[in-house]
Every structure is written in C-alpha cells, then in structure tokens.
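Data block below; observations after.
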Amino acid sequence: MSSEIKSHIDKLTDELNHHTYIYYQESRSEITDFEFDQLLKELEKLEAEYPQYQREDSPTHRVGGTITKSFNTVHHKYPMLSLGNTYSKEDLAEFDKRVEKGLGTSEYEYICELKFDGVAISLTYENGLLKQAVTRGDGVKGDEVTTNAKTIKTIPLKLKGDYPASFEVRGEVFMPKEVFKHLNEERQKQGEPLLANPRNTASGTLKMQDSAVVAKRKLDCFLYSLLGENLEPQTHEAALQLLETLGFNVSPTYKKCQTIDEVFDYINYWDQKRHELPLETDGIVIKVNSSDQQKELGFTAKSPRWAISYKYKAEAAQTRLRNITYQVGRTGAITPVAELEPVLLAGTTVKRASLHNANEIERLDIRVGDLVFVEKGGEIIPKITKVNLEKRPSDSTPTQYITECPECGTELIRKEGEANHYCPNQDACPPQVQGRVEHFISRNAMDIAKLGPNTIKGLFDKHLIKGIADLYELNFENLNGLKFEVVDLVTGDVKSRSIKDKTAQNIVESLEKSKETPFESVLFGLGIRYVGKTVAEKLAEHFKNIDALMSATYEEILEVHEIGERIAESVIDFFGIEDNRQLVERLKSSGLQMEIVEQESTQDLDQVFDGKTVVVSGVFERFDRDELKSLIKSMGGKVASSITGNTDFLVAGDKMGPAKLEKAEKLGTKILSEAEFIEMSNL
Ligand code: IVH
C-alpha cells in the first residue's frame, strides 16, 4: 500500500514538473490549466497525508507558504564580482585591445549577451537537485532565499539529462515588464503606493518573508554562468548550451562574435530591439568565450578582465510641453501631469509624464510651451529631466501651481512637511467620493467583484449613489436595464453600456454576500488615510468593535502596537467628521460586520508559542494536522512548512519523514512529541 502511494506521489511529481517545464520554457501545454490544478491538488493532499514521501523537487514548493523571519547569511564559494562598465564604443575598443594584448594573440572570440536588469542569484545543485539559492549581497556573502527561489517556475527543482554532480549556476532574477505593469495597476486600484521599477520590485520580492506572496509575484530568471570544479564545457558558449539541456532558462539572445565590429553590430541591433523583450535590459555583456583564455586574463580586485558591460544611455527625447493638468486621487492628493507633444521613446509613444508635485515643477522651472527632455530609464513612467532653456519662448511666464481643486473648485491645502497639495473636500469632490467607493468594493476590502470602476462611475452619473452607504440601497429594479456611458481612457471614445438582468442579479447578490466580510476589511474599506490592511487588522484586533474605535482618544490609539502619530491623528480626524460617523451608522444598519468575531474555543489559550515559528509534521493521535496548526496559531505561533534556521519548534508526529527529523536535529531545532506539545500548551 505505502509503496503504491509513494510511487503515485513520484509519478505526480514528475508529471507536474514536466508540464511546468514545457509551459514556462517552451510556451506550450499538453493539459489544460484546470487539469494541472487538479493534479497539483491531488499531490498536495497526498503530501499532507504522507509527508515522508514529499520529494525535494515537489512542485508544491512552488506554491510557497513558508514564512522566513530573517534570512541566513551564506558565504559564496566563489565571490560574486561585478563587471567593468562603459558607455562608449571607444572604451569597448580599448577593452578589446587589452584582451588581445593580455592573450598575446588575435585568436579569440566573444560571446555577447544582454545585461538583464534584475538581481543576481546563485543556485547550487547537488545530484541534480536545487539545494540552495543565495542573493549576491556584498559579493562575498548573501542571503539564503531558497524557499522563495523555489517559487520561480523557470528555476528547475530537478535537472534533466547528464548533470555534473555538484555545481553552481548564476543568473538574474527579474520581474517581467507585463507582470510589473499589472502589479502596479492592481496597486493603483487598491490605492496603494506604486512601485518604482521592475528591478527594485524583483529585489524586494526575493526578500519577502512569505513565500506564498513571492509565488504570486511571478518572478522569472535567466541563467548565464556555470561554476564548479572539473566541469566539461571549455567555452562559455558550451556552458550556456549545457545549462539549456539541463533545463535552465537561458535567454536565446546571446551571440558569438569574432571581432569587436561584430560586437558593435550586436549592440546596434539590440539598441532598439531590446524594448520588445519581456524584461528590462540596460546594456550588453561581452565575455571572452574560451575558458582557458578567461583563466589567462584573470581578474582585477573587483571584476574579471575577460568581460565588460556596455550600458545603453537612458533613452531621452525632446518634445514640447503642451499643458500641465492636475489629477485628483482617491485621497484628494493632487498630481500634476505634463501633457506632451507625442514623441517616440524607448519603443513607445510618450504623451504624458508625471511631474510629481509643486516642488518638482519649481525645481525644473518648467513652463507650458517649453521644449523639455524626457527620459525613460528603468522606470515605466517617463520623467522630465530638464528644460531646454535656450529654446524657451520669449513670452513664457513661470508656472503658477493651481490653488483650487480642478474637480470641485475647493481651495487646496498643503500640510507642513508634505510634498503634495490636497483637496480637503472629501465629501463632495467627485473623484474622491467615487474613488472611495472603488476602494470600498476592492478585493482587500469588501471584495464586491461584480461592481467595477466603470459601473461605479455609471451609478454616480445616473445619481443612483452618492457615496458608499448608498450601495446597500441598490436593488434589482433600479439596476436592471440601467444605461450609462464609459469613456475609453486611451482613445477618448465614449461607449454605451447597460446593466443586463443577470448582471443586476449578480450585483445584488454580491452586495448581500459582502455583509459577511469581517470587520477588519470593512474598516480598511472605509478608506481612512494611512489605514492600510495591516493597520486595519491591528486596530480591529485592539478595539474589537467600531464603537470602541470611534470613541477612542488619540492617546488610546497610540497605545496600539506599531501605530504611530500620523495614523492616530488620521483616525481621530476621520471619526471627527459627522458625515463619516453617519456613514458608519448606515453601514451598521445595513448589516455590515462592525466587530471582530472571536474564536470562542481558542479565546483563552495560553500564548505559549508567541512569536515562535513552528513546523508540524507527521500523523497525530489526538488532533488532525490542520487542527494542530490552528491551535498553534491561536497560541501566538507562526506555522511554517519547512525547517530552517528560524524554526523554533518541530512538532513531530508518527511517520514523519526522516529528512525533516535529521534537518531539525542538525539545526538544533527543539523537537516536541504530541504528548510534550499537549503538556506545554496546557490543553
Ligand atoms: S556575468 C563577474 N552576464 O550584472 C560578473 N552579469 O555588473 C559576471 N548581469 O552582478 C556576471 N546580465 O547581476 C553577467 N548576461 C549577464 C548579466 C549580468 C545582468 C548583472 C549581474 C551582475 C552584474 C555585474
């Protein structure tokens, strides 16, 4: 029986790994997404029941779920050096001369590659299995991010073909441009601050504590070097080819060049073409191909003498500033926007650039009619770097920042120390009111997916709602057949929409269902400035219900763990406004959750695992595993799925895998039997 289960787990593991590989590396599939998910669920279930058979290369590691509080520091076996940089072709020609001189021959070749804009990673494989992933860090030592790296679908957990017994491979973890764009769109919808660029986001993501979040971020990885003792490949090209046959994601953009002129051709070719690639690249890397010749040339203290990088200059263009417009955000923050004469930049037509705030306008001394330089570096949104003062029209006058809200005419305010101006008319300024409703229905708040921003706008335009509380007065009769107009933001076209009976029904049902949304999400949905999801959870946990929070003093709010003055002030301000108090009352009478639901059975448990990380493995007599895990959480602990240096306890049941036990023993993790666990928890 058990050997049958083991071989079934093996079969599912191999099958799923095969489908992952062909899907992500060959862009094809042999089964549907649904079938894949079913197989994965089956494997997850079996592994939960028989953890002793879970393989190291199990695709379930890719889903994440492990929390790492602090990452282990690991010394690199070979230092992770950087590359010499150049921005000019003359410097490159110099480099070529140095190589020729160093080798004493003109018989050498280069491999040119793109310089991927991400974060360097080092992966160690032993006997075909991924053992360790480490960031570059300071080049000598980095952070061990193995669990997070395992969530990256193109990093093989197990290799194919004829692999060296032990070796290291290095490459670049990156966030594809599309993924980054989508992530920022989502953040914008949720009213969260936007991320600056894909590289920083990839770097931050790799160091996140919760690997399940990392898995959702859809990072990718290109590999470009192979390191180890007595390895077969004698050239860099052969190494790349070997990496590819082993199942690594090697970018097909590399090229062998016999002369420096061919290198220049490569540079020119990719100068424009690189913008069509799914990831950001900021230059190219030129490497001497032969391993022996690389050795001969050796290293300086910081970088190899056999390689150099050529960086493309940040793309810049000149165009005219047609106008400065001002956008009003959900919180009332004003963002000035430069409306430009369309200009082609880095492969896209640029019409607008953010001017951030009044300080930026002052710094640039930018005026309507100016010729301006627009640049697109790593950032997605282009920026204006300077004004061409020589071309400034003689009649130009300095920009006067607006003093009134462009939407509602209210006088703007600017708090001390803040860069942005705000429109204080929270209750009647259309984008603010509408934005608050959009925030209220968003996924992390009430999650009323059936109502999108377009419908919300339609409901405002048709005077069916004036604010959040009116949502719960909508019914099938007034929604069904409602016609409204939608403006396409890109083309400016106006399209007609109407709510059909099925949609009307869905909206009513999802509003009804949202009444079960927990208090902390309702609180987050109110859109109190600086009260994000985590802060809302902390406030809900502390005050338990809305009445206690509404009547709390500034000092009482400050007492909440990790809540600072800025938040406390904002909460006090919010509930000081009569309209907001009325909103709460109306939502209360509509039946929304205004207090936290305590879990009765676990209310009085001792917090014996407070702040501790616990791994549960094996089969237990008195509890099933999930029950045990939620008990640990109720006692203040965090449950992780694999053992790391941060694990405080391993609760070990029967039939647990020997590898886990061995690891726990090696790391000195405290191991608890079921009986010891019961005793410790006073259960
Ligand atoms: S080779 C000895 N190849 O650039 C250095 N690096 O400045 C060997 N990078 O830390 C690195 N694309 O993060 C190499 N095709 C490529 C690369 C690349 C991006 C990054 C890498 C490295 C940095 C060096």
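Numerical summary
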| quantity | calculated |
| --- | --- |
| Low-density loop cleavage sites - chymotrypsin sites (Phe, Trp or Tyr not before Pro) in region 530-594, where at most 16 other Cβ are within 10 Å (DSSP) | Tyr530 |
| Positive dipole terminus of region 394-469, leading residue within Ile413, Leu459, Asn425 (C-beta point charges) | Leu459 |
| Region 44-124, dipole about Cα centre (Lys/Arg Cβ +1, Asp/Glu Cβ -1), debye to the nearest 20 | 320 |
| Under 9 Å, Cβ to Cβ, from Gln52 - net charge with Lys/Arg +1 and Asp/Glu -1 | +3 |
| For region 116-183, radius of gyration divided by Kirkwood radius, i.e. Rg to Rh on alpha-carbons | 1.01 |
| Summed side-chain charge close to Leu558 - residues other than Leu558 whose Cβ falls under 13 Å, Lys, Arg +1, Asp, Glu -1 | -4 |
| Dipole in debye (nearest 20) - the chain, about Cα centre, beta carbon charges: Lys, Arg +1; Asp, Glu -1 | 1400 |
| Stokes-Einstein diffusion coefficient of region 573-646, Kirkwood radius over Cα pairs, 25 °C, 0.890 mPa s, in µm²/s | 156 |
| Qualifying GluC sites (Glu not before Pro) for region 463-564 [loop in DSSP, other Cβ within 10 Å: at most 14] | Glu559, Glu562 |
| Stokes-Einstein D for region 278-415, Kirkwood Rh over Cα pairs, 37 °C, 0.692 mPa s (µm²/s) | 181 |
| Lysine-lysine proximity count for region 558-683, Cα under 17 Å, sequence distance 8 or more or distinct chains | 9 |
| Free-standing Cys, the chain [no other Cys Cβ under 4.7 Å] | Cys112, Cys221, Cys257 |
| Convex hull volume of region 530-614 per residue (C-alpha atoms, cubic angstrom) | 126 |
| For region 352-398, convex hull volume per residue from C-alpha positions, Å³ | 73 |
| Largest-first principal axis extents, alpha carbons of region 336-485, Å | 63, 39, 29 |
| In region 106-138, GluC sites (Glu not before Pro) in a DSSP loop with at most 16 other beta-carbon atoms within 10 Å | Glu107 |
| Net length gained if the chain between Arg622 and Arg28 were fully extended (0.36 nm per residue, minus Cα distance) | 209.2 nm |
| Dipole axis of the chain (+1 Lys, Arg; -1 Asp, Glu on Cβ), positive-most option in Gly128, Gln607, Val571 | Gly128 |
| Charge-dipole axis of region 346-431 as Lys and Arg at +1 and Asp and Glu at -1 on Cβ define it, positive-most pick from Leu364, Val387, Thr399 | Val387 |
| Per-selection Rg to Rh, region 1-59 - Cα, Kirkwood hydrodynamic radius | 1.00 |
| Cα-based equivalent ellipsoid of region 1-135: semi-axis lengths in Å, sorted from largest, via gyration tensor | 45, 19, 15 |
| For Val145, residues with placed amide H under 5 Å, excluding near neighbours | Ala133, Val134, Thr135 |
| Förster-model FRET efficiency, 25 Å R0, Ala317 and Ser88, C-beta, rounded to 0.05 | 0.75 |
| Overall Cα dimensions of region 132-232, principal axis frame, Å, largest first | 53, 30, 22 |
| Only Lys, Arg (+1) and Asp, Glu (-1) charged, at Cβ; region 558-667 dipole about Cα centre in debye | 680 |
| 13 Å tail of the calculated P(r), region 634-683, as % of Cα pairs | 59 |
| ³J(HN,Hα) computed for each position of region 457-466 - Karplus, 6.51 cos²θ - 1.76 cosθ + 1.60, integer Hz, glycine/proline x | 4, x, 5, 5, 4, 8, 6, 7, 9, 10 |
| Kirkwood hydrodynamic radius (C-alpha pairs) into Stokes-Einstein, region 469-544, 4 °C and 1.567 mPa s, D in µm²/s | 86 |
| Shape box of the chain [Cα atoms, principal axes, largest first, Å] | 86, 82, 50 |
| Percent carbon-and-sulfur accessible area, region 391-441, ignoring ligands, DNA and RNA, probe 1.4 Å | 43 |
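The values are calculated or read from the model by the stated rules, or taken from the named source; none is laboratory data. As the structure is a prediction and not an experimental result, all values here were calculated from the model. We place every Cβ from the backbone using ideal geometry, glycine too, and count neighbours over all the protein chains shown. In case anyone asks, the SASA skips ligands and DNA or RNA and just uses the protein heavy atoms, side chains included. Shrake-Rupley method; radii C 1.70, N 1.55, O 1.52, S 1.80 Å.
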